[in-house]
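A quick write-up on the structure given underneath.
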């Protein structure tokens, strides 16, 4: 391809030379062979031109090859140099990246150490403040001294633990000293105060002795529990065989006498709803007693009615049986009387009359039963209402005062719990006794029906003895 291109270029360059040579040939030539001379001269010139051109092209080729080789050499040299620079830059970039990652890790660790130091500093400050408040309560003001404030953190810790250790050693001993305390009636007396570590105190005086309980503001008063022997034994420098003491945590907080729990006090905690539940309970109790008395009377008269009527029915003295039955009062007497008055009717008709009489008396036998059942169902609901009311009160107190004072929350919690308790106390017995009384009433209805049927059977036996005997 390159050779054909070269020959095309050569022909294009030699054509002008060939035309010039043909035009420059002299008109005069050898007369012997004019045609041959004219044909030979252009051929010789064209060949020489080819040779010259070829030589020129060869020279240009060599020159171009040399330049190409030089450029390639320079390119290879530049490429090697650039590759070396690129490799060096990559190495430096990797090294810089590793250094950046190390620096980032060190920075993160430094931040963690800074945060930990800040947290430790806050914790140390809080610990020192707590220790200062605790030690100040026992009269130790060593943490308020200028020497402590100017010390470093380690020095502050050593001083703080040293003061605490010294105070613990001091408080762990039984100390006797002169002091004052209050008696049960509130009068202040002087005497010997025995400190049993920092958890109990005893007072000994001519007016009274015993264990002491905090009365507020660092003052103490005699506790109501008997501990006179323990106090006097400790005051004499001995240890009692059995120690009766009141253990306290804070000498500045007054301790009140434990409140004796009474039924009235518990109901009072439930508020208005609690009193409503108690009222319903009392009403249910009265109704249960009244219904039990009524059912007992009704059940006791059934057998007496049968014993009084049976002989007269067997003797055919129906009017006398009716008169004997009227001497009894109650549902059973009325049912048996209805059966006696209709002995002349057909049996099915008599049984219908007896059933109608029992249904008529069923209202009296079920007296107060529905009210007792309603109270049994309503009492737990009232307790639930009290629970919700108490919880609302508790959350209102929390919203206004927070949760720091438990006494403020006790009112709502007491209402919530006491009303539920009262509701269950009323509902469970009402449900139990209501069910028992309903069962008792059903048994009485069955007994009345049996008594009426017995009277009917006796009357039929008297009227139809042969048919009855055959049956």
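Taking 8 Å as the Cα distance limit and 6 or more residues as the minimum spacing, I'd like the relative contact order of segment 249-363 as a percentage. Kindly include the intermediate steps, with their values, before the conclusion.
Working: 54 pairs, mean separation 17.3, N = 115.
Taking the mean separation of contacting Cα pairs over the length of segment 249-363, I get 15 percent.
How would you rank 143, 167, going from fewest to most other Cβ atoms within 10 Å of each one's own Cβ?
Values: 143 20, 167 17.
Neighbour counts put them in this order, fewest first: 167, 143.
What order do you get for 448, 264, 160, 391 when you list them from fewest to most C-beta neighbours inside 10 Å? Could you put the intermediate results ahead of the total?
Working: 448 28, 264 8, 160 20, 391 14.
Result, fewest neighbours first: 264, 391, 160, 448.
Classify segment 142-181 as rounded, prolate or oblate, taking a ≥ b ≥ c as the square roots of the eigenvalues of its Cα gyration tensor: rounded when a/c is under 1.5, otherwise prolate if a/b is larger than b/c and oblate if not. Kindly include the intermediate steps, with their values, before the conclusion.
Working: a/c = 5.72, a/b = 2.27, b/c = 2.52.
Oblate, since a/c reaches 1.5 and b/c is not below a/b.
Can you tell me the relative contact order of segment 174-256? Whole percent, Cα pairs under 8 Å, sequence separation 6 or more. Mind showing how you got there, number by number?
On the way: 194 pairs, mean separation 22.3, N = 83.
Rounded, it is 27 percent for segment 174-256.
What list do you get for 78, 447 if you sort them by fewest beta carbons within 10 Å? Can you show the working numbers first?
Working: 78 10, 447 17.
Fewest-to-most ranking of 78, 447: 78, 447.
By its C-alpha gyration tensor, with a ≥ b ≥ c as the square roots of the eigenvalues, how is segment 58-132 shaped: rounded for a/c under 1.5, else prolate for a/b larger than b/c, else oblate?
prolate
Using alpha carbons only, how many angstrom separate the centre of segment 48-125 from the centre of segment 150-219?
Centre-to-centre (Cα) distance: 82 Å.
Relative contact order for segment 329-439: what is it in percent, counting Cα pairs under 8 Å that are at least 6 residues apart?
Numbers: 90 pairs, mean separation 34.4, N = 111.
Relative contact order comes out at 31 percent.
Throughout, read-outs are computed from the coordinates displayed, never taken from laboratory work. Keep in mind it's a predicted model, so treat the numbers as computed, not measured. Here Cβ is always computed from backbone atoms with ideal geometry, including for glycine, and neighbour counts include all displayed protein chains.
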